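To start, the structure itself, in C-alpha coordinates.
The values are calculated or read from the model by the stated rules, or taken from the named source; none is laboratory data. The structure presented is a predicted model; accordingly, all values stated were derived computationally and were not measured. Neighbour counts run over all protein chains shown; Cβ positions are idealised from the backbone, glycine included. The accessibility values were calculated without ligands, DNA or RNA, using every heavy atom of the protein model including side chains. Shrake-Rupley method; radii C 1.70, N 1.55, O 1.52, S 1.80 Å.
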Amino acid sequence: NFALNGMTPIDFENQLKILSKKFNFLSSNDIVAAIKDQKPIKKNSAIVTFDDGLREQYDYALPILKKNKIAAIFYVNTQPLSENKVSEVHKIHLLRSTLNDVQFKKEIINKISLQKFNEYIDDTTQINNQYKYDNKDTAILKYILNFKLSFNERRELLDYLFKKHIKTSEKEISQKLYMNPYMLKKLADCNYLGTHCHEHLPMESLNDVGIYKQILNSLDYFKSIDIFNINSISYPYGGYSAVSKRVANIAKDLGIIFGFTMERALNSNLNNPLLFARFSNDDLPGGKHSNWRLEQVPNELPKAKWFNC
(Lines give C-alpha, C1' and ligand atoms only; values in the text may rest on other atoms or scores of the structure.)
Protein backbone atom coordinates (compact mmCIF):
# COMPACT_ATOMS: atom_id res chain seq x y z
CA ASN A 1 0.00 0.00 0.00
CA PHE A 2 1.07 3.57 -0.67
CA ALA A 3 0.06 6.52 1.49
CA LEU A 4 1.38 9.94 2.49
CA ASN A 5 -0.25 10.30 5.90
CA GLY A 6 0.21 13.78 7.29
CA MET A 7 -1.54 12.97 10.57
CA THR A 8 -3.37 10.03 12.08
CA PRO A 9 -7.19 9.79 11.92
CA ILE A 10 -7.33 10.10 15.73
CA ASP A 11 -5.25 13.30 15.65
CA PHE A 12 -7.38 14.66 12.82
CA GLU A 13 -10.62 14.13 14.70
CA ASN A 14 -9.14 15.58 17.87
CA GLN A 15 -8.04 18.69 16.02
CA LEU A 16 -11.53 19.14 14.54
CA LYS A 17 -12.99 18.96 18.05
CA ILE A 18 -10.46 21.51 19.33
CA LEU A 19 -11.11 23.96 16.49
CA SER A 20 -14.89 23.54 16.77
CA LYS A 21 -14.62 25.35 20.11
CA LYS A 22 -13.56 28.49 18.26
CA PHE A 23 -14.88 28.18 14.70
CA ASN A 24 -18.10 27.56 12.82
CA PHE A 25 -17.39 25.13 10.00
CA LEU A 26 -18.52 26.18 6.52
CA SER A 27 -19.30 24.38 3.28
CA SER A 28 -18.40 25.36 -0.27
CA ASN A 29 -22.03 26.40 -0.74
CA ASP A 30 -21.76 28.80 2.20
CA ILE A 31 -18.75 30.55 0.65
CA VAL A 32 -20.36 30.84 -2.77
CA ALA A 33 -23.56 32.25 -1.23
CA ALA A 34 -21.56 34.83 0.74
CA ILE A 35 -19.58 35.91 -2.34
CA LYS A 36 -22.85 36.36 -4.26
CA ASP A 37 -24.31 38.37 -1.34
CA GLN A 38 -27.01 35.79 -0.74
CA LYS A 39 -26.09 34.95 2.85
CA PRO A 40 -23.39 36.42 5.12
CA ILE A 41 -20.74 34.25 6.71
CA LYS A 42 -20.84 34.00 10.49
CA LYS A 43 -17.98 35.50 12.46
CA ASN A 44 -15.11 33.10 13.24
CA SER A 45 -15.86 30.64 10.47
CA ALA A 46 -13.55 28.11 8.83
CA ILE A 47 -13.60 25.50 6.10
CA VAL A 48 -11.64 22.25 5.99
CA THR A 49 -9.63 21.67 2.80
CA PHE A 50 -7.45 18.86 1.43
CA ASP A 51 -5.03 18.96 -1.50
CA ASP A 52 -3.79 16.44 -4.08
CA GLY A 53 -6.68 13.95 -4.25
CA LEU A 54 -5.03 11.27 -2.13
CA ARG A 55 -7.07 8.13 -1.52
CA GLU A 56 -6.21 8.18 2.20
CA GLN A 57 -8.19 11.42 2.50
CA TYR A 58 -11.31 9.67 1.21
CA ASP A 59 -10.75 6.48 3.21
CA TYR A 60 -9.84 8.04 6.55
CA ALA A 61 -10.77 11.73 6.70
CA LEU A 62 -14.17 11.67 4.97
CA PRO A 63 -15.82 9.23 7.44
CA ILE A 64 -14.63 11.41 10.34
CA LEU A 65 -16.04 14.52 8.69
CA LYS A 66 -19.39 12.80 8.09
CA LYS A 67 -19.47 11.51 11.65
CA ASN A 68 -18.97 15.05 12.97
CA LYS A 69 -21.24 16.65 10.34
CA ILE A 70 -18.47 18.87 9.02
CA ALA A 71 -18.21 19.78 5.32
CA ALA A 72 -14.92 20.04 3.43
CA ILE A 73 -13.41 20.57 -0.01
CA PHE A 74 -11.06 18.03 -1.56
CA TYR A 75 -8.83 19.60 -4.21
CA VAL A 76 -7.74 17.07 -6.82
CA ASN A 77 -5.05 16.97 -9.49
CA THR A 78 -6.49 15.16 -12.50
CA GLN A 79 -3.33 13.94 -14.30
CA PRO A 80 -2.92 10.93 -11.95
CA LEU A 81 -6.40 9.72 -12.92
CA SER A 82 -6.41 10.53 -16.62
CA GLU A 83 -2.84 9.35 -17.30
CA ASN A 84 -2.11 6.87 -14.46
CA LYS A 85 0.86 8.98 -13.42
CA VAL A 86 2.25 9.89 -10.03
CA SER A 87 2.46 13.66 -9.51
CA GLU A 88 6.04 14.82 -9.39
CA VAL A 89 5.52 16.28 -5.92
CA HIS A 90 4.62 12.77 -4.71
CA LYS A 91 7.48 11.18 -6.59
CA ILE A 92 9.68 13.40 -4.45
CA HIS A 93 7.92 12.18 -1.28
CA LEU A 94 8.27 8.55 -2.26
CA LEU A 95 11.90 8.92 -3.32
CA ARG A 96 12.72 10.65 -0.04
CA SER A 97 11.32 7.63 1.78
CA THR A 98 13.95 5.57 -0.06
CA LEU A 99 16.88 8.00 -0.33
CA ASN A 100 18.25 10.08 2.52
CA ASP A 101 18.96 13.78 1.96
CA VAL A 102 22.66 13.19 1.28
CA GLN A 103 21.92 10.59 -1.41
CA PHE A 104 19.21 12.75 -2.97
CA LYS A 105 21.50 15.80 -3.01
CA LYS A 106 24.21 13.76 -4.74
CA GLU A 107 21.77 12.64 -7.44
CA ILE A 108 20.70 16.27 -8.08
CA ILE A 109 24.29 17.51 -8.26
CA ASN A 110 25.13 14.74 -10.72
CA LYS A 111 22.29 16.08 -12.86
CA ILE A 112 22.86 19.85 -12.70
CA SER A 113 26.45 20.37 -11.31
CA LEU A 114 27.60 21.55 -7.90
CA GLN A 115 28.03 25.13 -9.09
CA LYS A 116 24.42 25.42 -10.24
CA PHE A 117 23.20 23.70 -7.06
CA ASN A 118 24.94 26.33 -4.92
CA GLU A 119 23.59 29.16 -7.08
CA TYR A 120 20.05 27.89 -6.58
CA ILE A 121 20.18 28.04 -2.78
CA ASP A 122 21.15 31.73 -2.43
CA ASP A 123 17.61 32.84 -1.53
CA THR A 124 17.41 31.42 1.98
CA THR A 125 14.43 33.62 2.89
CA GLN A 126 12.29 32.16 0.12
CA ILE A 127 13.38 28.63 1.04
CA ASN A 128 12.51 29.15 4.71
CA ASN A 129 9.14 30.73 3.90
CA GLN A 130 8.11 27.96 1.54
CA TYR A 131 9.25 25.08 3.77
CA LYS A 132 9.12 26.45 7.28
CA TYR A 133 8.52 23.05 8.92
CA ASP A 134 11.35 21.18 7.20
CA ASN A 135 14.96 20.99 8.32
CA LYS A 136 17.52 22.94 6.29
CA ASP A 137 18.69 20.10 4.04
CA THR A 138 15.18 18.91 3.27
CA ALA A 139 13.95 22.44 2.57
CA ILE A 140 16.81 23.03 0.13
CA LEU A 141 16.10 19.80 -1.74
CA LYS A 142 12.38 20.54 -2.04
CA TYR A 143 13.02 24.13 -3.13
CA ILE A 144 15.44 23.15 -5.91
CA LEU A 145 13.20 20.34 -7.13
CA ASN A 146 9.96 22.32 -7.04
CA PHE A 147 11.07 25.83 -7.98
CA LYS A 148 14.56 25.98 -9.51
CA LEU A 149 14.91 23.10 -11.95
CA SER A 150 13.27 23.58 -15.32
CA PHE A 151 10.23 21.39 -15.92
CA ASN A 152 12.21 19.19 -18.29
CA GLU A 153 15.19 18.90 -15.90
CA ARG A 154 12.96 17.93 -13.01
CA ARG A 155 10.90 15.46 -15.02
CA GLU A 156 13.97 13.74 -16.42
CA LEU A 157 15.62 13.53 -13.00
CA LEU A 158 12.54 12.23 -11.19
CA ASP A 159 11.65 9.72 -13.92
CA TYR A 160 15.22 8.41 -13.83
CA LEU A 161 15.34 8.15 -10.04
CA PHE A 162 11.85 6.65 -9.84
CA LYS A 163 12.77 3.83 -12.21
CA LYS A 164 16.09 3.34 -10.43
CA HIS A 165 14.86 3.25 -6.84
CA ILE A 166 11.10 2.47 -6.87
CA LYS A 167 10.37 -1.10 -7.92
CA THR A 168 6.58 -0.86 -8.19
CA SER A 169 5.23 0.46 -11.51
CA GLU A 170 4.06 4.05 -11.66
CA LYS A 171 0.61 2.96 -12.86
CA GLU A 172 0.13 0.64 -9.88
CA ILE A 173 1.26 3.31 -7.41
CA SER A 174 -1.03 5.88 -9.00
CA GLN A 175 -4.05 3.59 -8.73
CA LYS A 176 -3.37 2.95 -5.05
CA LEU A 177 -2.29 6.44 -4.04
CA TYR A 178 -5.08 8.56 -5.52
CA MET A 179 -8.86 8.62 -5.46
CA ASN A 180 -10.70 6.98 -8.34
CA PRO A 181 -13.59 8.39 -10.42
CA TYR A 182 -16.21 6.73 -8.22
CA MET A 183 -14.81 8.54 -5.18
CA LEU A 184 -14.69 11.85 -7.03
CA LYS A 185 -18.33 11.51 -8.00
CA LYS A 186 -19.30 10.81 -4.40
CA LEU A 187 -17.47 13.96 -3.31
CA ALA A 188 -19.01 16.00 -6.12
CA ASP A 189 -22.49 14.84 -5.09
CA CYS A 190 -21.88 16.58 -1.74
CA ASN A 191 -20.25 19.60 -3.44
CA TYR A 192 -17.00 18.62 -1.71
CA LEU A 193 -14.81 18.68 -4.83
CA GLY A 194 -12.49 21.36 -6.24
CA THR A 195 -9.65 21.53 -8.73
CA HIS A 196 -5.96 21.47 -7.86
CA CYS A 197 -5.18 21.86 -11.59
CA HIS A 198 -4.21 19.05 -13.95
CA GLU A 199 -0.57 18.67 -12.94
CA HIS A 200 0.93 19.73 -9.63
CA LEU A 201 2.94 22.69 -10.97
CA PRO A 202 3.60 26.22 -9.62
CA MET A 203 1.18 28.14 -11.83
CA GLU A 204 3.02 31.46 -11.70
CA SER A 205 6.00 29.87 -13.45
CA LEU A 206 3.84 29.17 -16.53
CA ASN A 207 2.76 31.56 -19.27
CA ASP A 208 -0.91 32.49 -19.62
CA VAL A 209 -1.62 29.68 -22.07
CA GLY A 210 0.03 27.15 -19.76
CA ILE A 211 -2.02 28.30 -16.77
CA TYR A 212 -5.21 28.22 -18.82
CA LYS A 213 -4.51 24.66 -20.01
CA GLN A 214 -3.69 23.38 -16.52
CA ILE A 215 -7.02 24.55 -15.16
CA LEU A 216 -9.08 23.77 -18.27
CA ASN A 217 -7.65 20.25 -18.61
CA SER A 218 -8.67 19.49 -15.04
CA LEU A 219 -12.20 20.82 -15.58
CA ASP A 220 -12.48 18.85 -18.84
CA TYR A 221 -11.48 15.65 -17.05
CA PHE A 222 -14.15 16.22 -14.41
CA LYS A 223 -16.72 16.79 -17.16
CA SER A 224 -15.62 13.55 -18.83
CA ILE A 225 -16.80 11.66 -15.73
CA ASP A 226 -20.00 13.74 -15.46
CA ILE A 227 -18.85 16.20 -12.80
CA PHE A 228 -19.84 19.77 -13.64
CA ASN A 229 -20.08 21.59 -10.31
CA ILE A 230 -16.42 22.62 -9.85
CA ASN A 231 -16.36 26.22 -8.63
CA SER A 232 -13.18 26.51 -6.53
CA ILE A 233 -9.45 25.97 -6.85
CA SER A 234 -6.45 25.35 -4.62
CA TYR A 235 -3.29 26.53 -6.36
CA PRO A 236 -0.49 23.91 -6.32
CA TYR A 237 2.22 24.85 -3.81
CA GLY A 238 0.26 28.06 -3.15
CA GLY A 239 3.25 30.12 -2.03
CA TYR A 240 3.82 33.72 -3.06
CA SER A 241 6.11 32.61 -5.90
CA ALA A 242 3.58 30.03 -7.15
CA VAL A 243 0.41 32.11 -7.46
CA SER A 244 -0.55 35.67 -8.43
CA LYS A 245 -3.45 37.87 -9.47
CA ARG A 246 -2.63 36.87 -13.07
CA VAL A 247 -3.20 33.21 -12.19
CA ALA A 248 -6.38 34.05 -10.28
CA ASN A 249 -7.81 36.08 -13.16
CA ILE A 250 -7.36 33.15 -15.53
CA ALA A 251 -9.12 30.86 -13.04
CA LYS A 252 -11.96 33.38 -12.85
CA ASP A 253 -12.25 33.47 -16.65
CA LEU A 254 -12.75 29.69 -16.54
CA GLY A 255 -15.67 29.98 -14.13
CA ILE A 256 -13.90 29.50 -10.81
CA ILE A 257 -15.56 31.50 -8.01
CA PHE A 258 -13.04 31.23 -5.17
CA GLY A 259 -9.57 29.88 -4.55
CA PHE A 260 -6.94 29.25 -1.88
CA THR A 261 -3.28 30.12 -1.68
CA MET A 262 -0.99 28.94 1.10
CA GLU A 263 -0.60 32.33 2.77
CA ARG A 264 -0.96 31.33 6.42
CA ALA A 265 -3.46 33.91 7.61
CA LEU A 266 -7.09 34.79 8.30
CA ASN A 267 -9.31 36.37 5.66
CA SER A 268 -10.95 39.52 7.00
CA ASN A 269 -13.34 39.97 4.06
CA LEU A 270 -14.44 38.56 0.70
CA ASN A 271 -12.90 41.30 -1.44
CA ASN A 272 -10.50 38.97 -3.22
CA PRO A 273 -12.15 35.54 -3.22
CA LEU A 274 -9.83 33.99 -5.82
CA LEU A 275 -6.86 34.52 -3.49
CA PHE A 276 -7.98 33.49 -0.01
CA ALA A 277 -5.34 32.75 2.60
CA ARG A 278 -5.53 29.59 4.69
CA PHE A 279 -3.63 27.83 7.43
CA SER A 280 -1.95 24.46 7.33
CA ASN A 281 -3.43 22.12 9.93
CA ASP A 282 0.09 22.05 11.44
CA ASP A 283 -0.18 25.76 12.28
CA LEU A 284 -3.28 25.62 14.44
CA PRO A 285 -4.02 24.17 17.89
CA GLY A 286 -3.92 20.39 17.65
CA GLY A 287 -1.34 20.52 14.84
CA LYS A 288 2.23 19.21 14.95
CA HIS A 289 3.85 22.66 14.87
CA SER A 290 1.16 24.88 16.34
CA ASN A 291 2.30 28.44 16.96
CA TRP A 292 -0.79 29.44 18.92
CA ARG A 293 -2.66 28.27 21.99
CA LEU A 294 -6.41 27.82 21.71
CA GLU A 295 -7.10 30.96 23.76
CA GLN A 296 -5.17 33.00 21.16
CA VAL A 297 -7.42 31.79 18.33
CA PRO A 298 -8.69 33.52 16.27
CA ASN A 299 -7.99 37.03 17.62
CA GLU A 300 -4.20 36.77 17.57
CA LEU A 301 -3.86 35.00 14.23
CA PRO A 302 -2.25 37.04 11.40
CA LYS A 303 -4.48 38.69 8.81
CA ALA A 304 -4.07 38.11 5.06
CA LYS A 305 -1.93 40.70 3.31
CA TRP A 306 -0.31 39.10 0.25
CA PHE A 307 -3.08 40.24 -2.06
CA ASN A 308 -4.76 42.83 0.20
CA CYS A 309 -7.61 40.52 1.19
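Tabulated values for the structure
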{"item": "Any pair with Cβ under 7 angstrom, 6 or more apart, that starts in the range 271-286 at a residue that is at positive phi and ends at one that is polar (S, T, N, Q)", "result": "Gly286/Asn14; Gly286/Gln15"}
{"item": "Output for the range 136-166, where each listed residue is in a loop (DSSP other than H, G, I, E, B) and free of Cβ contacts under 8 Å to residues at least 24 places away in the same chain", "result": "Ser150"}
{"item": "From Asn152, Asn110, residue being closer than 17 Å to Val89 by Cα, over 19 Å from the mean Cα position of the chain (by Cα) and at pLDDT 85 or above", "result": "Asn152"}
{"item": "Flag for Leu54 being surrounded by 15 or more Cβ atoms within 10 Å (Cβ to Cβ), out of contact with any helix residue (DSSP H, G or I) (no Cβ under 8 Å at 6 or more places or on another chain) and of a type outside the set (D, E, K, R)", "result": "no"}
{"item": "Residue within the range 111-123 that is surrounded by 15 or more Cβ atoms within 10 Å (Cβ to Cβ), out of contact with any Pro (no Cβ under 7 Å at 6 or more places or on another chain), among the hydrophobic types (A, V, I, L, M, F, W, C) and part of a loop (DSSP other than H, G, I, E, B) present", "result": "yes"}
{"item": "Ile108, sole failed condition from (1) buried (at least 22 other Cβ atoms within 10 Å of the Cβ); (2) within 24 Å of Ser234 (Cα to Cα)", "result": "(2)"}
{"item": "Some residue of the range 76-98 being assigned to a strand (DSSP E or B) and surrounded by 20 or more Cβ atoms within 10 Å (Cβ to Cβ)", "result": "yes"}
{"item": "Qualifying residue in the range 70-79 (condition: out of contact with any Leu (no Cβ under 6 Å at 6 or more places or on another chain), free of Cβ contacts under 8 Å to residues at least 40 places away in the same chain and more than 17 Å from Ala188 (Cβ to Cβ))", "result": "no"}
{"item": "Qualifying helices (runs of 4 or more DSSP H) (wholly inside the range 167-285; at least 2 residues being over 18 Å from Asn84 (Cα atoms) and open to solvent by 20 Å² or more (accessible area, probe 1.4 Å))", "result": "181-189, 208-224, 245-253"}
{"item": "Flag for Asn128 being open to solvent by 80 Å² or more (accessible area, probe 1.4 Å) and either more than 24 Å from the chain's Cα centre (by Cα) or closer than 15 Å to Gly239 by Cα (or both)", "result": "yes"}
